[in-house]
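First comes the structure, then the notes that go with it.
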Amino acid sequence: MSRIAIAVVVLLCAASVAAAEPVTKVFPLAGQRLPRAKKDLPEVLTRTVAKALGATVASAPIEDAADLMMCKVTQVSCLRDVAKSAGAQRIVHGVVSGRAEGGVQVRLTTFGGGAPEERTYILTADGTDDQSAQLARHLTAQDDDDDEPVAPPPAPPPPRSTVEPKVPIVDDEPAAPASGGGRITSGTWALIIGGGVVAATGGGFMLSAQSLQADIARAPTNTRADFDRLRVYERAGKLRMQIGTGLAIAGGAVAVAGVVRAVLQKRDATAESSTIALAPSQGGASLFYTRGW
(Lines give C-alpha, C1' and ligand atoms only; values in the text may rest on other atoms or scores of the structure.)
Protein backbone atom coordinates (compact mmCIF):
# COMPACT_ATOMS: atom_id res chain seq x y z
CA MET A 1 0.00 0.00 0.00
CA SER A 2 1.43 3.38 -0.98
CA ARG A 3 2.01 6.24 1.46
CA ILE A 4 -0.81 8.27 -0.11
CA ALA A 5 -3.28 5.44 0.44
CA ILE A 6 -2.15 5.03 4.05
CA ALA A 7 -2.59 8.78 4.66
CA VAL A 8 -6.10 8.71 3.18
CA VAL A 9 -7.08 5.79 5.42
CA VAL A 10 -5.73 7.56 8.51
CA LEU A 11 -7.65 10.75 7.67
CA LEU A 12 -10.87 8.82 7.11
CA CYS A 13 -10.48 7.01 10.44
CA ALA A 14 -9.81 10.30 12.25
CA ALA A 15 -12.83 11.87 10.61
CA SER A 16 -15.08 8.98 11.62
CA VAL A 17 -13.87 9.16 15.24
CA ALA A 18 -14.43 12.92 15.32
CA ALA A 19 -17.91 12.49 13.88
CA ALA A 20 -18.73 9.89 16.54
CA GLU A 21 -17.85 12.30 19.36
CA PRO A 22 -20.42 15.07 19.94
CA VAL A 23 -19.01 18.58 19.61
CA THR A 24 -19.92 20.76 22.62
CA LYS A 25 -19.69 24.53 22.57
CA VAL A 26 -19.94 26.61 25.77
CA PHE A 27 -21.03 30.21 25.36
CA PRO A 28 -19.66 32.80 27.83
CA LEU A 29 -21.75 32.89 30.98
CA ALA A 30 -23.53 36.14 31.79
CA GLY A 31 -23.22 37.87 35.18
CA GLN A 32 -26.09 39.29 37.23
CA ARG A 33 -26.05 41.11 40.59
CA LEU A 34 -22.38 40.30 41.17
CA PRO A 35 -20.15 42.52 43.34
CA ARG A 36 -17.34 44.38 41.70
CA ALA A 37 -14.81 41.98 43.20
CA LYS A 38 -16.50 39.10 41.32
CA LYS A 39 -16.64 40.73 37.87
CA ASP A 40 -14.24 38.11 36.45
CA LEU A 41 -16.14 35.16 37.95
CA PRO A 42 -18.38 34.46 34.88
CA GLU A 43 -15.30 34.17 32.63
CA VAL A 44 -13.56 31.83 35.10
CA LEU A 45 -16.63 29.62 35.50
CA THR A 46 -17.10 29.53 31.71
CA ARG A 47 -13.66 27.95 31.37
CA THR A 48 -14.50 25.58 34.24
CA VAL A 49 -17.66 24.37 32.50
CA ALA A 50 -15.84 23.92 29.19
CA LYS A 51 -13.06 21.93 30.81
CA ALA A 52 -15.46 19.71 32.76
CA LEU A 53 -17.55 18.97 29.65
CA GLY A 54 -14.62 18.64 27.26
CA ALA A 55 -15.97 21.54 25.24
CA THR A 56 -14.67 24.66 23.58
CA VAL A 57 -15.61 28.22 24.50
CA ALA A 58 -17.48 30.33 21.96
CA SER A 59 -16.04 33.72 21.10
CA ALA A 60 -19.25 35.67 21.75
CA PRO A 61 -22.27 35.41 24.10
CA ILE A 62 -25.23 33.40 22.91
CA GLU A 63 -27.38 36.55 22.83
CA ASP A 64 -25.13 37.97 20.11
CA ALA A 65 -25.42 34.76 18.11
CA ALA A 66 -29.20 34.85 18.50
CA ASP A 67 -29.28 38.47 17.33
CA LEU A 68 -27.43 37.45 14.17
CA MET A 69 -30.04 34.74 13.63
CA MET A 70 -32.79 37.29 14.44
CA CYS A 71 -34.35 34.97 17.03
CA LYS A 72 -34.64 34.57 20.80
CA VAL A 73 -32.68 32.12 22.92
CA THR A 74 -35.89 31.06 24.65
CA GLN A 75 -37.03 29.37 21.42
CA VAL A 76 -35.95 25.83 20.60
CA SER A 77 -35.69 26.66 16.91
CA CYS A 78 -33.32 29.51 17.78
CA LEU A 79 -31.07 27.21 19.83
CA ARG A 80 -31.06 24.75 16.94
CA ASP A 81 -29.96 27.46 14.50
CA VAL A 82 -27.29 28.75 16.89
CA ALA A 83 -25.88 25.24 17.40
CA LYS A 84 -25.83 24.65 13.65
CA SER A 85 -24.07 27.97 13.07
CA ALA A 86 -21.48 27.11 15.76
CA GLY A 87 -20.92 23.66 14.26
CA ALA A 88 -21.83 21.93 17.52
CA GLN A 89 -24.17 19.08 18.40
CA ARG A 90 -24.55 20.44 21.93
CA ILE A 91 -24.42 23.99 23.25
CA VAL A 92 -24.33 25.26 26.84
CA HIS A 93 -25.09 28.76 28.09
CA GLY A 94 -26.11 30.21 31.44
CA VAL A 95 -26.07 32.94 34.05
CA VAL A 96 -23.96 33.52 37.18
CA SER A 97 -25.86 35.57 39.76
CA GLY A 98 -25.19 36.67 43.32
CA ARG A 99 -27.25 35.44 46.25
CA ALA A 100 -28.46 37.48 49.23
CA GLU A 101 -27.61 34.52 51.47
CA GLY A 102 -24.00 34.53 50.26
CA GLY A 103 -22.18 32.74 47.47
CA VAL A 104 -23.37 32.60 43.88
CA GLN A 105 -25.87 30.66 41.80
CA VAL A 106 -24.98 29.16 38.43
CA ARG A 107 -27.88 28.29 36.10
CA LEU A 108 -26.81 26.29 33.04
CA THR A 109 -28.98 25.48 30.02
CA THR A 110 -27.88 22.57 27.83
CA PHE A 111 -29.36 22.01 24.38
CA GLY A 112 -28.61 18.89 22.38
CA GLY A 113 -31.35 18.90 19.79
CA GLY A 114 -34.32 18.06 22.01
CA ALA A 115 -35.83 20.03 24.84
CA PRO A 116 -33.39 22.37 26.65
CA GLU A 117 -32.25 21.04 30.03
CA GLU A 118 -31.67 23.47 32.89
CA ARG A 119 -29.65 22.81 36.03
CA THR A 120 -28.90 25.12 38.93
CA TYR A 121 -25.78 24.91 41.08
CA ILE A 122 -25.26 26.76 44.36
CA LEU A 123 -21.63 27.68 45.09
CA THR A 124 -21.08 28.53 48.75
CA ALA A 125 -17.29 28.84 48.62
CA ASP A 126 -15.70 32.27 49.15
CA GLY A 127 -12.84 32.69 46.69
CA THR A 128 -13.08 32.53 42.91
CA ASP A 129 -10.75 29.52 42.72
CA ASP A 130 -12.73 27.66 45.38
CA GLN A 131 -16.00 28.40 43.60
CA SER A 132 -14.53 27.16 40.33
CA ALA A 133 -13.38 23.94 41.96
CA GLN A 134 -16.78 23.47 43.61
CA LEU A 135 -18.57 23.87 40.28
CA ALA A 136 -16.18 21.40 38.64
CA ARG A 137 -17.00 18.82 41.33
CA HIS A 138 -20.72 19.36 40.76
CA LEU A 139 -20.36 18.91 37.01
CA THR A 140 -18.27 15.76 37.25
CA ALA A 141 -20.22 14.17 40.09
CA GLN A 142 -22.49 11.24 39.29
CA ASP A 143 -25.15 12.24 41.81
CA ASP A 144 -26.51 15.80 41.42
CA ASP A 145 -29.28 15.46 43.98
CA ASP A 146 -27.87 18.39 46.00
CA ASP A 147 -27.99 20.68 42.95
CA GLU A 148 -31.36 19.81 41.45
CA PRO A 149 -33.61 17.66 43.64
CA VAL A 150 -35.70 15.19 41.73
CA ALA A 151 -39.39 15.57 42.44
CA PRO A 152 -41.04 12.44 43.81
CA PRO A 153 -43.50 10.70 41.49
CA PRO A 154 -47.07 11.89 41.90
CA ALA A 155 -49.18 9.91 44.32
CA PRO A 156 -51.89 7.76 42.75
CA PRO A 157 -55.35 9.28 42.92
CA PRO A 158 -57.47 8.12 45.85
CA PRO A 159 -60.14 5.55 45.08
CA ARG A 160 -63.50 6.98 44.26
CA SER A 161 -65.89 6.76 47.15
CA THR A 162 -69.30 5.23 46.64
CA VAL A 163 -70.75 7.31 49.47
CA GLU A 164 -72.92 10.12 48.22
CA PRO A 165 -71.31 13.48 49.14
CA LYS A 166 -73.14 15.70 51.54
CA VAL A 167 -74.40 19.08 50.45
CA PRO A 168 -72.17 21.74 52.04
CA ILE A 169 -73.79 24.28 54.33
CA VAL A 170 -73.07 27.83 53.27
CA ASP A 171 -72.45 30.21 56.12
CA ASP A 172 -73.81 33.70 55.47
CA GLU A 173 -71.30 35.23 57.88
CA PRO A 174 -68.06 36.29 56.15
CA ALA A 175 -64.95 34.43 57.16
CA ALA A 176 -62.39 36.17 59.32
CA PRO A 177 -59.54 37.67 57.35
CA ALA A 178 -56.37 35.61 57.08
CA SER A 179 -53.24 36.52 58.99
CA GLY A 180 -51.93 39.78 57.62
CA GLY A 181 -55.29 40.90 56.15
CA GLY A 182 -57.06 43.99 57.44
CA ARG A 183 -53.84 45.57 58.73
CA ILE A 184 -53.11 49.24 58.04
CA THR A 185 -49.43 49.63 57.30
CA SER A 186 -47.14 52.32 58.69
CA GLY A 187 -46.76 53.79 55.20
CA THR A 188 -50.52 54.40 55.07
CA TRP A 189 -50.46 56.16 58.44
CA ALA A 190 -47.56 58.27 57.18
CA LEU A 191 -49.64 59.34 54.18
CA ILE A 192 -52.60 60.32 56.36
CA ILE A 193 -50.58 62.16 59.03
CA GLY A 194 -48.16 63.77 56.59
CA GLY A 195 -50.96 64.93 54.32
CA GLY A 196 -52.80 66.42 57.28
CA VAL A 197 -49.70 68.30 58.44
CA VAL A 198 -49.07 69.71 54.96
CA ALA A 199 -52.74 70.72 54.59
CA ALA A 200 -52.67 72.38 58.02
CA THR A 201 -49.55 74.31 57.05
CA GLY A 202 -51.31 75.47 53.88
CA GLY A 203 -54.26 76.58 55.98
CA GLY A 204 -51.93 78.62 58.14
CA PHE A 205 -50.56 80.43 55.08
CA MET A 206 -54.12 81.11 53.88
CA LEU A 207 -55.12 82.52 57.28
CA SER A 208 -52.05 84.74 57.24
CA ALA A 209 -53.01 85.98 53.76
CA GLN A 210 -56.52 86.82 54.97
CA SER A 211 -55.05 88.67 57.94
CA LEU A 212 -52.95 90.76 55.54
CA GLN A 213 -56.08 91.53 53.50
CA ALA A 214 -57.76 92.84 56.66
CA ASP A 215 -54.72 95.02 57.40
CA ILE A 216 -54.81 96.34 53.83
CA ALA A 217 -58.47 97.27 54.18
CA ARG A 218 -57.71 99.26 57.35
CA ALA A 219 -54.43 100.80 56.15
CA PRO A 220 -54.31 104.55 55.47
CA THR A 221 -54.01 105.81 51.89
CA ASN A 222 -53.05 109.40 52.44
CA THR A 223 -49.47 109.53 51.18
CA ARG A 224 -47.32 107.87 48.54
CA ALA A 225 -45.55 105.88 51.25
CA ASP A 226 -48.93 104.48 52.30
CA PHE A 227 -49.58 103.27 48.75
CA ASP A 228 -46.11 101.72 48.53
CA ARG A 229 -46.75 99.91 51.80
CA LEU A 230 -50.11 98.68 50.45
CA ARG A 231 -48.44 97.24 47.33
CA VAL A 232 -45.93 95.36 49.50
CA TYR A 233 -48.76 93.96 51.63
CA GLU A 234 -50.75 92.97 48.54
CA ARG A 235 -47.80 91.09 47.01
CA ALA A 236 -47.10 89.32 50.31
CA GLY A 237 -50.76 88.41 50.73
CA LYS A 238 -51.02 87.06 47.18
CA LEU A 239 -47.87 84.98 47.60
CA ARG A 240 -49.04 83.54 50.93
CA MET A 241 -52.42 82.70 49.43
CA GLN A 242 -50.81 80.85 46.49
CA ILE A 243 -48.47 78.91 48.76
CA GLY A 244 -51.26 78.09 51.20
CA THR A 245 -53.61 76.95 48.44
CA GLY A 246 -50.97 74.70 46.90
CA LEU A 247 -50.04 73.14 50.25
CA ALA A 248 -53.68 72.65 51.22
CA ILE A 249 -54.51 70.92 47.92
CA ALA A 250 -51.41 68.72 47.96
CA GLY A 251 -51.74 67.82 51.63
CA GLY A 252 -55.45 67.12 51.28
CA ALA A 253 -54.81 64.87 48.28
CA VAL A 254 -52.13 62.94 50.16
CA ALA A 255 -54.37 62.57 53.21
CA VAL A 256 -57.29 61.37 51.05
CA ALA A 257 -54.95 58.91 49.36
CA GLY A 258 -53.94 57.58 52.77
CA VAL A 259 -57.56 57.24 53.85
CA VAL A 260 -58.46 55.36 50.64
CA ARG A 261 -55.46 53.09 51.08
CA ALA A 262 -56.38 52.46 54.73
CA VAL A 263 -59.94 51.51 53.76
CA LEU A 264 -58.70 49.10 51.13
CA GLN A 265 -56.14 47.56 53.47
CA LYS A 266 -58.77 47.19 56.16
CA ARG A 267 -61.07 45.45 53.70
CA ASP A 268 -58.72 42.77 52.40
CA ALA A 269 -55.06 41.85 52.25
CA THR A 270 -54.86 42.30 48.49
CA ALA A 271 -54.78 46.05 49.01
CA GLU A 272 -51.10 45.65 49.96
CA SER A 273 -50.35 45.62 46.23
CA SER A 274 -52.18 48.89 45.59
CA THR A 275 -50.15 51.96 44.67
CA ILE A 276 -51.11 55.61 44.98
CA ALA A 277 -49.13 58.30 43.17
CA LEU A 278 -49.47 62.06 43.50
CA ALA A 279 -48.38 64.19 40.53
CA PRO A 280 -48.34 67.99 40.64
CA SER A 281 -50.31 69.74 37.94
CA GLN A 282 -51.17 73.31 37.02
CA GLY A 283 -53.21 74.86 39.79
CA GLY A 284 -53.14 71.81 42.08
CA ALA A 285 -52.26 68.12 42.03
CA SER A 286 -53.47 64.88 40.38
CA LEU A 287 -54.01 61.64 42.27
CA PHE A 288 -53.40 58.31 40.48
CA TYR A 289 -54.52 55.07 42.11
CA THR A 290 -53.51 51.63 40.79
CA ARG A 291 -54.53 48.37 42.36
CA GLY A 292 -52.69 45.12 41.67
CA TRP A 293 -54.46 41.78 41.54
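Things worth noting here:
- Options P168, P158, P116, P154; residue that is within 27 Å of V92 (Cα to Cα) and either modelled with pLDDT of 85 or more or outside the structural domain of L79 (by TED's automatic domain parsing) (or both): P116
- Restricting I216, I276 to those that are in a helix (DSSP H, G or I) and either modelled with pLDDT under 85 or touching a strand residue (DSSP E or B) at 6+ places or on another chain (Cβ under 9 Å) (or both) reduces the list to I216.
- Counting only helices (runs of 4 or more DSSP H) that sit wholly inside the stretch 27-127, those with at least 3 residues that are touching a residue at least 40 places away in the same chain (Cβ under 8 Å) and farther than 20 Å from T140 by Cβ are 76-86.
- Flag for G103 being in contact with a Leu (Cβ under 6 Å, 6 or more places away or on another chain), in the same structural domain as R47 (by TED's automatic domain parsing) and surrounded by fewer than 16 Cβ atoms within 10 Å (Cβ to Cβ): yes
- Among the residues listed as T24, T74, T46, the single one being in contact with a Pro (Cβ under 7 Å, 6 or more places away or on another chain), hydroxyl-bearing (S, T, Y) and either within 20 Å of G112 (Cβ to Cβ) or modelled with pLDDT under 90 (or both): T46
Results for (1) in contact with a strand residue (DSSP E or B) (Cβ under 9 Å, 6 or more places away or on another chain); (2) over 16 Å from V23 (Cα atoms), shown as yes or no for each residue.
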| site | (1), (2) |
| --- | --- |
| G54 | yes, no |
| I62 | yes, yes |
| L68 | no, yes |
| V95 | yes, yes |
| A100 | no, yes |
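The values are calculated or read from the model by the stated rules, or taken from the named source; none is laboratory data. Just so you know, these numbers come straight off a predicted model, no measurement behind them. Cβ atoms come from the backbone with ideal geometry, glycine included; neighbour counts cover every protein chain shown.
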